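The values are calculated or read from the model by the stated rules, or taken from the named source; none is laboratory data. Since the structure is predicted, the reported quantities are computational estimates derived from the model, not experimental observations. Backbone-built Cβ (ideal geometry, glycine too); neighbour counts: all protein chains shown. Surface accessibility is based on the protein's heavy atoms, side chains included, excluding ligands, DNA and RNA. Shrake-Rupley method; radii C 1.70, N 1.55, O 1.52, S 1.80 Å.
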Amino acid sequence: MNYNSVAENMPGLKEELGEQFKNFSKASTIALSIVFSIFAGVLAGYYLDTKVFHEKTYPYLTILFFIFGLAGGIKNFFILSKRFQDEDIDKDKKK
Amino acid sequence: MEHPLLFLTLLLDALGLPAHGGKGILEQALAPHMQYSYLAMGICIVLAIMATKDMKMIPTGLQNLMEAYVGGLEDFITEQTHDRKKTLIIFPMIGTFFLYIVIANYLGLLPGFMSPTANINVTLGCTAISIIAYHSLGFRFNGIGYIKHFMGPVPAMAPVMFPIEVFSHIGRILSLAIRLFGNMVSKEILLGLLFMLAGPYLAPLPIMFLGVLVCLIQAFIFMMLSIVYSVEAMSHGH
């Protein structure tokens, strides 16, 4: 029994697998972009605090840039999830 | 861990060239991940030349395969851009990314070869190309008004929105580069550990199977995200 005969017996299988791949990739994309933008914000704030201002402003810039990073992550979340949702709606319309 | 056996490194050693990385320019340019990156580029170029060498009206063999790839990818991009002109602008970049990353990922599954994408310098390089390209496309399509993308809807909010946008873009860069790098390097380390601990025969097989899937998925995600970001940069405002 080879792959072709399996695919012929189950007509939707190939599309179903492709759909699963795409959904998996979309989910991991959204999650990672949130995490890394928070990370980038905190690192930039910490760098400014310790290296540029020599700990005169120590906790405040880190906190401020953490909030910027968080907001950036949330914005990424909204943009990406909206775009992926629009794609799904387009696909449904085609069907 | 033992040093892995790499064919190209052995070949360069036999030629008397520095092949194990180091501080100098030649050493850097011939480090193992660079050697296998050159190999992946070479395979891409050879595939393209072989597929277009004698083109026929009714395609056969390799030309058939490449035409299916090009046609399928073009349809896939057009689904997202809704504009054939924009598709043709970003198509060469996206097509090259997918071919190069797929070949680079699968090289790691052959014994005696390594994935160049399991080194963060390579993935960061690919990401830098993608990021610079989509920002340039944004400036090309929207002129200087592209900066409005970074300022948010309300002008009074602009000083707050600008750092937020900058960090959301940095987050995208890191998530693109580190996802590809992390998946590839984790696969290689897991395989190496299982070879050492559980013996060489059947134990690494499940990870190998997972690796075959992950290689394709990661290349696909990289391509899709490059398309999504380019399309967003080319669209008009919010």
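In the protein assembly as shown, what percent of the accessible surface is made up of carbon and sulfur (1.4 Å probe, ligands and nucleic acids excluded)?
Values: 13800 of 19030 Å².
That fraction is 72 percent.
Name the shape class, rounded, prolate or oblate, that the alpha-carbon gyration tensor gives for the protein assembly as shown, where a ≥ b ≥ c are the square roots of its eigenvalues, rounded holds for a/c under 1.5, and otherwise prolate holds if a/b is larger than b/c and oblate otherwise. Since a/c reaches 1.5 but b/c is at least a/b, the shape of the protein assembly as shown is classed as oblate.
Over the residues of chain B, the helix contribution to mean residue ellipticity at 222 nm works out to -25500 deg cm²/dmol, using -39500 (n - 2.57) for each DSSP H run of at least 4.
With a ≥ b ≥ c taken as the square roots of the eigenvalues of the C-alpha gyration tensor of region A:33-85, please select rounded if a/c is under 1.5 and otherwise prolate if a/b is larger than b/c or oblate if it is not? Prolate, because a/c is 1.5 or more and a/b exceeds b/c. Distance from the Cα centroid of region A:52-95 to that of region B:116-169 is 13 Å (rounded to whole angstrom). My understanding is that a pair violates if its Cα-Cα distance is over 27 Å; which of A:LYS51/A:LYS82; A:LYS75/B:LYS86; A:LYS91/B:LYS187; A:LYS91/B:LYS56 do that in this structure? Too far apart for the 27 Å limit: A:LYS51/A:LYS82; A:LYS91/B:LYS187; A:LYS91/B:LYS56.
With each label modelled as a point 7 angstrom along the Cα→C-beta vector, the B:TYR38-B:LEU5 pair spans 2.3 nm.
Taking a straight line from the alpha carbon of B:LYS85, these aspartates and glutamates sit under 18 Å away, with near neighbours fewer than eight places off in the same chain left out: B:GLU74, B:ASP75, B:GLU232. Helix B:32-52 axis versus longest C-alpha principal axis of chain B: approximately 70°, rounded to the nearest ten.
Which FRET efficiency value, to the nearest 0.05, do you get for A:ASP92 and B:PHE76 by plugging their Cβ-Cβ distance into 1/(1 + (r/R0)^6) with R0 = 25 Å? Intermediate values should be presented prior to the final figure.
Values: r = 18 Å, r/R0 = 0.70.
Rounded to the nearest 0.05, the efficiency is 0.90.
In region B:90-115, which residues have a backbone nitrogen under 18 Å from the label point lying 7 Å from B:LEU15's Cα in the Cα-to-Cβ direction? Only B:113-114 pass the distance filter.
Assign one of three labels to region B:70-234, namely rounded, prolate or oblate, based on the Cα gyration tensor with a ≥ b ≥ c the square roots of its eigenvalues; rounded applies when a/c is under 1.5, prolate when it is not and a/b is larger than b/c, and oblate otherwise. Because a/c hits 1.5 or more and a/b exceeds b/c, region B:70-234 counts as prolate.
Taking every alpha-carbon pair under 8 Å whose residues sit at least 6 apart, chain B reaches a relative contact order of 23 percent.
Peptides B:123-129, B:140-146 ranked from most to least packed, by the mean per-residue count of other Cβ atoms within 10 Å: B:123-129, B:140-146.
Could you state, as a whole-number percent, how many of the C-alpha pairs of region B:8-162 are farther apart than 25 Å? Percent of Cα pairs beyond 25 Å in region B:8-162: 51. Rolling a 1.4 Å probe across the protein heavy atoms gives the protein assembly as shown an accessible surface of 57 Å² per residue.
Report the accessible surface area buried between chains A and B, summing both sides, using a 1.4 Å probe on protein heavy atoms only, in Å² rounded to the nearest 100. Before the final figure, lay out each step's value.
Values: alone 7750 and 13650 Å², together 19030 Å².
So the buried area, both faces added, is about 2400 Å².
Annotation: aspartates and glutamates with alpha-carbon distance below 19 angstrom to B:LYS23 (same-chain offsets under eight excluded): B:ASP13.
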